[in-house]
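Enquirer: Dropping the structure in here first, questions after.
Any read-out appearing in this document is the output of simple, stated calculations on the displayed coordinates, not a laboratory observation. Everything numeric here is computed off the predicted structure, so don't read it as measured data. Backbone-built Cβ (ideal geometry, glycine too); neighbour counts: all protein chains shown.
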Amino acid sequence: MSAAWRIAGLYALFAALSIAVNIGTQAACMAVYGGPGAVLLSLLGGTATGLVAKYVLDKRWIFRHVSRDRVHEARTFVLYTVMGLATTAVFWGTELAFHLAFASDAMRYLGGVLGLVVGYVLKYRLDRRWVFAPGTT
């Protein structure tokens with residue numbers, strides 16, 4: 001198997017795991033609290049847990065990044081997070097559009113999964129170019 005196919009396979013696996021973490025967190029948040037703002041709170045919780053899971057996996061297994069020290073690690077994580085802002089907009093927009101269009105948790109989560117898939121494809125390109133490229137952090 002070529003290195004490119006190995007990376008693509010791992011990236012797809014890690015995206016799937018991160019999506020499961022994100023959607024699972026959202027479902028847990030909704031189970032705990034269903035009042036005003038519950039959808040937004042669940043989106044925030046899922047985004048946070050999915051971000052951390054994906055960062056840890058990508059950093060180690062996709063980009064083989066090793067931070068020099070805590071400051072370098074923090075800088076890398078902040079840059080990773082900033083690159084995720086545009087992709088988060090895609091994810092949130094898609095999930096909220098499905099929520100408004102179908103008024104169903106299952107369809108909202110489907111919209112979230114679709115938005116995350118598109119977002120992760122974009123995020124890989126951003127991370128490769130701006131976060132984990134040699135000399136970027």
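Enquirer: Quickly estimate the mean residue ellipticity at 222 nm for the chain, helices only: each DSSP H run with n ≥ 4 gives -39500 (n - 2.57), and the total goes over all residues, rounded to 500.
Expert: Computed mean residue ellipticity for the chain: -27500 deg cm²/dmol.
Enquirer: Another question, if that's okay. Report, in whole Å, the centroid distance computed from the Cα atoms of the stretch 1-26 and the stretch 48-124.
Expert: Result: 11 Å between the Cα centres.
Enquirer: Still on this structure, I have one more. Per 0.36 nm of contour for each residue apart, how much would the distance between VAL56 and SER104 grow if the chain were fully extended, relative to their Cα-Cα spacing?
Expert: Full-extension gain reported as 14.1 nm.
Enquirer: Could you line up PHE77, PHE91 from fewest to most neighbouring Cβ atoms inside 10 Å?
Expert: So the ranking, lowest neighbour count to highest, is PHE77, PHE91.
Enquirer: Considering the dipole of the stretch 3-131 built from charges on the beta carbon (Lys and Arg +1, Asp and Glu -1) around the Cα centre, which of LEU41, MET83, ALA106 is farthest to its positive end?
Expert: Selected residue: MET83.
Enquirer: How big is the charge dipole of the chain about its Cα centre, in debye rounded to the nearest 20, if each Lys and Arg gets +1 on its Cβ and each Asp and Glu gets -1 on its Cβ?
Expert: 560 debye
Enquirer: Moving to a separate point now. Nearest 0.05, what FRET efficiency do VAL121 and ARG70 give at R0 = 30 Å with Cβ-Cβ as r?
Expert: The value I calculate is 0.45.
Enquirer: To continue, here is another question. Please compute the length gained on full extension between ALA97 and ALA28, using 0.36 nm multiplied by the number of residues separating them and subtracting their Cα-Cα distance.
Expert: 22.7 nm
Enquirer: Name the longest site-free stretch of the chain, where the excluded sites are trypsin sites (Lys or Arg not before Pro) in a DSSP loop with no more than 10 other beta-carbon atoms within 10 Å.
Expert: Result for the longest clean stretch: 69-137.
Enquirer: Let me ask something additional. Tell me the angle of helix 105-126 to the major Cα principal axis of the chain, expressed in degrees between 0 and 90 and rounded to the nearest ten.
Expert: Once rounded, one gets 20 degrees.
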